[in-house]
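Below is one structure, written out as structure tokens; the observations come after it.
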Amino acid sequence: MVLEALDGNISSGGIYSRRCIEQIQEILEARYVLLTTSCTHSLELALMALELKPGDEVLLPSFTFVSTANAVMLRGAKPVFVEINESTFNLDAESIKQELTSATVGIVPVHYAGVACDMDKIGQIALESKIWVVEDAAQAFYAHYKGKALGTLGAFGCFSFHNTKNIVCGEGGALVTDSEELFHKAEICREKGTNRSAFLRNEVDKYTWLQHGSSYILAEPLAALLLAQLGRLEQILKERRRIHTRYNEAMAPLVRKGYVRVQQIPEGCKSNYHIFCFLVAHEQERDKLLAHLSKQGIGATFHYVPLHTSPFAQANLGTGKGDFPVTEKVASTLVRLPLFPSLTNEQADRVVDAVKSFFYS
Ligand SMILES: *Cc1c(COP(=O)(O)O)cnc(C)c1O
């Protein structure tokens with residue numbers, strides 16, 4: 001498919017992009033889909049289309065990837081960090097209320113590990129405060145909340161097809177919305193601020209510069225890769241569920257003994273099993289465990305350095321260590337076990353045996 005794609009139009013908007021868009025619309029039950037070069041760019045595009053401006057404040061977790069906050073700062077607006085919940089590692093709805101001010105214009109919930117944030121509460125707060133919600137669903141493609149696909153619950157949903165995610169095309173992303181108005185705005189921003197997309201659909205006879213914009217369009221060869229991956233969606237999900245479930249069961253004795261705590265998946269949330277993670281007692285133990293696993297050739301990892309403790313946030317937002325105790329605790333004690341579709345049951349068992357040997361030694 002990729003070789004075929006290289007033979008024709010290799011820029012954008014061709015047959016492979018169109019087929020990806022149709023499939024994503026069907027999979028997510030989403031009205032409008034734009035393919036982008038990354039979730040980072042989807043987030044930037046969403047906030048550009050929503051006309052975020054200097055002086056505006058946007059609520060988001062500190063426990064996230066830098067792109068969530070960068071998208072806000074690139075528009076000259078202020079990211080305001082919110083504490084996470086200690087069992088889901090997702091935005092805590094009560095803490096959102098505490099951070100609302102008259103300058104708050106939106107919330108960017110991050111569905112960590114493909115587990116939904118409390119979207120009923122977040123939606124309620126947004127409605128009452130007349131602010132928008134943009135979902136950072138980078139990790140949440142084909143995960144659900146009360147029967148609805150994540151990324152379709154806010155004004156915009158932002159997805160990643162980066163190599164590290166469930167469905168991949170090297171580097172890529174999507175922006176999803178149900179609003180025709182927002183779709184057209186985002187489409188113009190994505191085409192360098194021009195109405196070229198409308199021109200290509202023969203809706204106007206020439207295209208021109210209408211507003212600020214940039215270039216965030218996925219190229220056809222990557223769309224061909226993405227199309228092949230979308231065709232394997234159910235298979236990929238099945239393998240990830242197999243490994244996630246196996247880890248969960250095998251780790252249960254350690255959970256019962258209180259050595260570790262696994263991420264909770266609340267009622268009504270259907271995970272896409274993007275990450276299997278757990279917390280240990282403290283940071284030194286985490287680092288020792290990772291070293292113990294590494295010595296046995298097991299690539300367990302951790303993330304994120306909380307954004308509020310980063311040098312950039314400290315210098316520009318005046319935040320610092322101690323501001324968000326739950327975030328700091330989770331970030332400093334979290335362990336992610338290897339999780340990819342070709343991991344066998346025997347390999348998964350070997351991983352858990354290695355974890356057990358650490359605690360039982
Ligand atoms: C991966 C990720 C991103 C960035 O995605 P890219 O496609 O690599 O730009 C943004 N937010 C979260 C929560 C992520 O996990």
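Throughout, read-outs are computed from the coordinates displayed, never taken from laboratory work. Quick caveat: nothing in here was measured; it's all calculated off a predicted structure. Reconstructed Cβ throughout: ideal geometry from the backbone, glycine too, with neighbour counts over all protein chains shown.
So between PHE199 and GLN284, what do we pick up on full extension, going 0.36 nm a residue minus the alpha carbon distance? Can you show the working numbers first?
Details: separation 85, 0.36 × 85 = 30.60 nm, distance 5.84 nm.
Fully extending the segment from PHE199 to GLN284 adds 24.8 nm.
Check each of the GluC sites (Glu not before Pro) in region 27-112 and keep only those in coil by DSSP with at most 15 other C-beta atoms within 10 angstrom; list them in order. Walk me through the numbers before you get to the answer.
Values: sites: GLU29, GLU44, GLU51, GLU57, GLU83, GLU86, GLU94, GLU99; in loops: GLU29, GLU51, GLU83, GLU86.
When the GluC sites (Glu not before Pro) of region 27-112 are filtered for loop state and at most 15 Cβ neighbours within 10 Å, GLU29, GLU51, GLU86 remain.
Within region 26-160, how many Lys pairs that are eight or more residues apart, or on different chains, come under 21 Å at the alpha-carbon?
Qualifying lysine pairs in region 26-160: 9.
Got a sec to turn the phi values of region 259-269 into Karplus ³J(HN,Hα) couplings, 6.51 cos²θ - 1.76 cosθ + 1.60 with θ = phi - 60°, whole Hz, x for Gly and Pro?
6, 9, 10, 8, 4, 8, 9, x, 3, x, 9
Step by step: find N for region 99-167, compute 2.2 N^0.38 Å, then divide the Cα radius of gyration by it. What's the final number?
On the way: Rg = 12.4 Å, N = 69, 2.2 N^0.38 = 11.0 Å.
Normalised Rg, Cα atoms only: 1.12.
Determine the calculated [θ] at 222 nm for the chain from helices alone, applying -39500 (n - 2.57) to every DSSP H run no shorter than 4 residues and normalising by the residue count; nearest 500 deg cm²/dmol.
The helix-only estimate for the chain comes to -13000 deg cm²/dmol at 222 nm.
Can you list, largest first and rounded to whole Å, the semi-axes you get for the chain by taking the square root of 5 times each eigenvalue of its Cα gyration tensor?
Details: eigenvalues 245, 136, 56 Å².
They are 35, 26, 17 Å, listed largest first.
May I ask you to list the GluC sites (Glu not before Pro) in region 242-320 that are in a DSSP loop and have at most 11 other Cβ atoms within 10 Å of their Cβ?
The qualifying sites are GLU267.
Quick one: putting +1 on the C-beta of Lys and Arg, -1 on the C-beta of Asp and Glu, what dipole do you get for the chain around its Cα centre, in Debye to the nearest 20?
Values: 36 positive and 40 negative charges, 156 e Å.
Roughly 760 debye for the chain.
Membrane-span-like helices in the chain: DSSP H runs reaching 24 Å or more (Cα, own axis), mean Kyte hydropathy at least -1.0? Can you show the working numbers first?
Working: long enough: 233-256 (34 Å, -0.86).
For the chain, where a helix must reach 24 Å along its axis and average at least -1.0, the hits are 233-256.
Please report the antiparallel percentage of DSSP beta bridges with both residues in the chain, rounded to the nearest 5.
Around 65 percent antiparallel, to the nearest 5.
If each residue's Cβ is checked for other Cβ atoms within 10 Å, how do SER214, SER160 rank with the fewest at the top? Present the calculation step by step, with values, prior to reporting the outcome.
Numbers: SER214 15, SER160 29.
Ascending Cβ contact count within 10 Å gives the list SER214, SER160.
At R0 = 30 Å, how high is the FRET efficiency between ASP353 and THR164 if r is their beta carbon distance? Nearest 0.05 is fine.
0.75
If you filter region 117-210 for GluC sites (Glu not before Pro), then keep DSSP loop positions with at most 11 other Cβ within 10 Å, what is left?
Details: sites: GLU128, GLU135, GLU171, GLU180, GLU181, GLU187, GLU191, GLU203; in loops: GLU171, GLU203.
Counting only loop positions with at most 11 other Cβ atoms within 10 Å, the GluC sites (Glu not before Pro) in region 117-210 are GLU203.
In a Gaussian network model over the chain where Cα atoms closer than 10 Å are linked, find which of LYS185, LYS238, LYS295 has the largest mean-square fluctuation.
LYS295
At a 10 Å Cβ-Cβ cut-off, how would you order VAL80, VAL351, fewest neighbours first?
Numbers: VAL80 21, VAL351 25.
So the residues, fewest neighbours to most, are VAL80, VAL351.
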